[in-house]
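Scroll down for the structure; my scribbles are underneath it.
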Amino acid sequence: MRRPSGSILPKFSHAFRLGLVLTVASPLLLSAAPAGAFELFGIHLFGEKQADRDIIDPVDYTLTFDAGTDQRDLRKSLERTSLLLADEEKPVSGDLGLVIKARDDRDRLIATLYERALYGGIVKMTIDGRDIDQLPPNPTFDRSRPVPVTVSIEPGAEFTLGKVSLEGDASRLDPADFDLAPGEPAGSLVILKAAQKMADTLKAESRPLARISRRDVVADHDTKTVDVTIAVDAGPVAPLGTVSVKGARAVNADFIERYSRLRPGQKYDPEQLRKAAERLRALGVFSSVTLKEDETLADDGSLPVGIVVSEGKHRYFGFGASYSSLDGAGLEGYWGHRNLFGNAESLRIEGAVRGLGESRDVTDLSSLDYTAGITFIKPGAFFPSATLEASIKGSTLKTDFYDAATVTGKVALAYELTDADTVSAGVSLAYDSIDDAFGDDNTYLTFGVPVGYVRDTRDNRLNPTEGHYGTVTVTPSYDFFGQTAFASVEGSISAYLGLGAEDRVVLAGKLSAGALFGGGDLSDIPATRRFFAGGGGSVRGYSFQEITPYNAVGDGTGGRSYTTASVEARIGITDTIGIVPFLDVGTVADDTVPDFSDLRMGAGVGLRYMTPFGPLRLDVAMPLKRYDGGSRYGIYAGIGQSF
């Protein structure tokens, strides 16, 4: 896809890539339903669900729902609580089934009022014009039309906290530290969470048997206040006892115990137990991981802990297809093993070909891009907190600015300092054959020593609502063919802030920068190591690598430094659909320090559809400072948020 000299950019970019990957090792993603119904990844898309057709003695109903309030937040909360409202299009099983569903709905709505500190609220329900409390044990309704159901709610006034009494081992705690300050709203969830948090606070003092022994809530309807009494029995201080493993088959039990990093005699900490379970789940070899604490202490005063695992399928393979209006079609496939030698070692072999259909000559295989590689990962290498990764990958790449054939080998060791902080170091050797703006058949043999640091406090990797994610990488390098020494420094930081009780709006921002030092002339540094920007991973609205310095004849050269920034407002419209207005900014410069003289900006809006495996992303962006003949817009799709 080399561009003739003097041609600055393609006419416009409207790349849209759609990937479909089917993984055979995991449970079936497509639900085969009878004709007229279809489910994808467990999500019902259209047609009548099988469960709806299997209902015995189906009874249809219509619902009149009056939340009794103009407060949008409360009204929406009540509407989301009601299963009668959510399932209005679905029949229930028999007349009695309708009554049971209505009574359950009333309990749920009352609980929602209590959560909002509305202890004087009233929920009235009628079925076919009769109060549900006045119906006979086996009611019958006129089924000549859908049975009418009415829900009428009187929320009442908000109650506040009155007297708060802490007893037992909780008496030394401050109620205000647990959101139990007199005069504040007395929501039931606030009280329940406060009591549990008190027990957890005492457990964190290495008291594993701490439990709530009393929780009394008394509402005074005259004063509109709620008096609360909470007592916690902390129990004795105890260390961890024996750590046992159950359910292991192909994975070595000794490895599971070692990798959990739980040791007999260490201080009991419930947070460490939670993190041990997360650590084991992240290995990918288990379908479930449960940590069970004994309810009593052992004779030596320690707490035995059991790790119960259920192993998943270790071998897997998959394939995929992609299409880009600029780059043609692509095919990719992979095979992997998650437990190669019994200690959760993983091996993955993958390959891909892209650019199919881009050339008019279908027999011209040289116009295609190829990728192949093999990666081996050993968790718990040398130390429980260390991970060894070794890989060798080869690829051919034809971009708008260079053609490259590359083979890279890499070995690296990552070490977890904490659950949030990881350091890594390794060595790499890359052979590159490159045609670029500086000429054809440029070859490089580059040795590198990448050293990195990662800090990750995000609450969710695919859809974070709080926390931050930062990386810093320094890679001293030496090209043996050109006898050139240079080094790259790159860093990025992303931060997330959720607004509202349910994080319906999340503000997200990302800042990235990098610089190249040494290396003599720019041509002495491989094009694959120079900096470009543009595309879905940096500044949307511009095509891939479009943002770069250009020489006199209009060929992009890549730069020695870059800076990009992105801001997004992730707004939830419904529980599954969201919109994301965004602004991206970036620059690439010839010098080690950018002067920001050529700052490019792209703005747009995205659509998000929430699924169990992360949000599906579709972004449309336009460049605010377009290159002559450059892209007019860009369309980007993927799984997970953009950063």
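The values are calculated or read from the model by the stated rules, or taken from the named source; none is laboratory data. The shown structure was predicted, so the numbers you read here are calculated from the model rather than taken from an experiment. Backbone-built Cβ (ideal geometry, glycine too); neighbour counts: all protein chains shown.
Annotations for the structure displayed:
- Once region 487-504 is narrowed to residues that are in contact (Cβ under 8 Å) with a residue 40 or more places away in the chain and crowded, with 18+ Cβ neighbours inside 10 Å, the residue that is farthest from Ser566 (Cα to Cα) is Ser488.
- Among the residues listed as Ala405, Ala437, Ala430, Ala425, the single one being more than 30 Å from Leu368 (Cβ to Cβ) and of a type in the set (A, V, I, L, M): Ala425
- Looking only at region 374-402, residues that are closer than 13 Å to Gly426 by Cβ and of a type in the set (Lys, Arg) come to 0 in all.
- When each of Leu166, Leu161 is tested for being touching a residue at least 24 places away in the same chain (Cβ under 8 Å) and under 24 Å from Ala501 (Cα atoms), the lone residue that passes is Leu161.
- Residue check for Leu429: in contact (Cβ under 8 Å) with a residue 12 or more places away in the chain, aliphatic (A, V, I, L, M) and under 22 Å from Gly558 (Cβ atoms): yes
- Breaking point among (1) in contact with an Asp or Glu (Cβ under 7 Å, 6 or more places away or on another chain); (2) surrounded by 15 or more Cβ atoms within 10 Å (Cβ to Cβ), for Leu166: (1)
- Single residue of region 175-188 satisfying the filter (more than 12 Å from Leu118 (Cα to Cα), of a type in the set (A, V, I, L, M, F, W, C) and touching a residue at least 12 places away in the same chain (Cβ under 8 Å)) that is surrounded by the fewest Cβ atoms within 10 Å (Cβ to Cβ): Ala181
- Arg145 passes every criterion in (1) in a loop (DSSP other than H, G, I, E, B); (2) among the basic types (Lys, Arg); (3) within 30 Å of Val309 (Cα to Cα) apart from (3).
- Candidates Arg258, Arg263, filtered to the one that is more than 27 Å from the chain's Cα centre (by Cα) and within 24 Å of Leu340 (Cα to Cα): Arg258
- Of all residues in region 564-595 being not hydroxyl-bearing (Ser, Thr, Tyr) and not in a strand (DSSP E or B), the one that is farthest from Gly520 (Cα to Cα): Asp575
- Out of Gly306, Gly318, one residue alone is surrounded by 15 or more Cβ atoms within 10 Å (Cβ to Cβ), more than 29 Å from Ala194 (Cα to Cα) and touching a Leu at 6+ places or on another chain (Cβ under 8 Å). It is Gly318.
- Odd one out for Asp142, checked against (1) among the acidic types (Asp, Glu); (2) surrounded by 12 or more Cβ atoms within 10 Å (Cβ to Cβ); (3) modelled with pLDDT under 95: (2)
- Residue check for Glu502: of a type in the set (Asp, Glu) and outside any loop (DSSP other than H, G, I, E, B): no
- Cβ-Cβ under 7 Å pairs, at least 6 apart or on other chains, region 274-294 side assigned by TED's automatic domain parsing to the domain that holds Lys246, far side aromatic (Phe, Trp, Tyr) and at pLDDT 95 or above: Arg279/Tyr259; Leu280/Tyr259; Leu280/Phe286
Okay, residues lined up against (1) within 30 Å of Asp73 (Cα to Cα); (2) surrounded by fewer than 21 Cβ atoms within 10 Å (Cβ to Cβ); (3) at pLDDT 90 or above:
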position: Gly541; (1), (2), (3): no, no, yes
position: Gly554; (1), (2), (3): no, yes, no
position: Gly572; (1), (2), (3): yes, yes, yes
position: Pro612; (1), (2), (3): yes, yes, no
position: Asp619; (1), (2), (3): yes, no, yes
position: Gly634; (1), (2), (3): no, no, no
position: Gly638; (1), (2), (3): no, yes, no
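Residue by residue, here is whether (1) among the charged types (D, E, K, R); (2) farther than 30 Å from Leu616 by Cβ; (3) in contact with a strand residue (DSSP E or B) (Cβ under 8 Å, 6 or more places away or on another chain) holds:
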| position | (1), (2), (3) |
| --- | --- |
| Ser433 | no, yes, yes |
| Phe447 | no, yes, yes |
| Val451 | no, yes, yes |
| Arg458 | yes, no, yes |
| Tyr469 | no, no, yes |
| Pro476 | no, yes, yes |
| Ala485 | no, yes, yes |
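- Any chance Glu158 is within 23 Å of Val237 (Cα to Cα) and either modelled with pLDDT of 95 or more or not in a helix (DSSP H, G or I) (or both): no
Here is a yes/no grid of residues against (1) basic (Lys, Arg); (2) closer than 28 Å to Gly68 by Cα; (3) more than 37 Å from the chain's Cα centre (by Cα):
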position: Arg143; (1), (2), (3): yes, no, yes
position: Ser171; (1), (2), (3): no, no, yes
position: Glu184; (1), (2), (3): no, yes, no
position: Leu189; (1), (2), (3): no, yes, no
position: Lys197; (1), (2), (3): yes, no, no
position: Pro208; (1), (2), (3): no, no, no
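- Among the residues of region 436-453, the ones that are of a type outside the set (S, T, N, Q), outside any loop (DSSP other than H, G, I, E, B) and surrounded by fewer than 17 Cβ atoms within 10 Å (Cβ to Cβ) come to 7 in all.
- Single unsatisfied condition, Ala515 versus (1) closer than 25 Å to Pro623 by Cα; (2) surrounded by fewer than 16 Cβ atoms within 10 Å (Cβ to Cβ): (2)
- Matching residues in region 404-424 - criterion: being under 30 Å from the mean Cα position of the chain (by Cα) and over 25 Å from Glu278 (Cβ atoms): Thr408, Gly409, Lys410, Val411
- Residue check, Thr418 surrounded by fewer than 15 Cβ atoms within 10 Å (Cβ to Cβ), among the polar types (S, T, N, Q), assigned by TED's automatic domain parsing to the domain that holds Gly559 and more than 30 Å from Leu262 (Cβ to Cβ): no
- Sole residue being part of a strand (DSSP E or B) and either of a type outside the set (Asp, Glu) or under 37 Å from the mean Cα position of the chain (by Cα) (or both), chosen from Thr126, Thr69: Thr126
- Residues (at pLDDT 90 or above, within 30 Å of Asp575 (Cα to Cα) and of a type in the set (Lys, Arg)) located in region 492-537: Lys510
- The set of residues from region 89-126 being surrounded by 15 or more Cβ atoms within 10 Å (Cβ to Cβ) and among the aliphatic types (A, V, I, L, M) comprises Val92, Leu96, Leu98, Val99, Ala102, Leu109, Ile110, Leu113, Ala117, Leu118, Val123, Met125.
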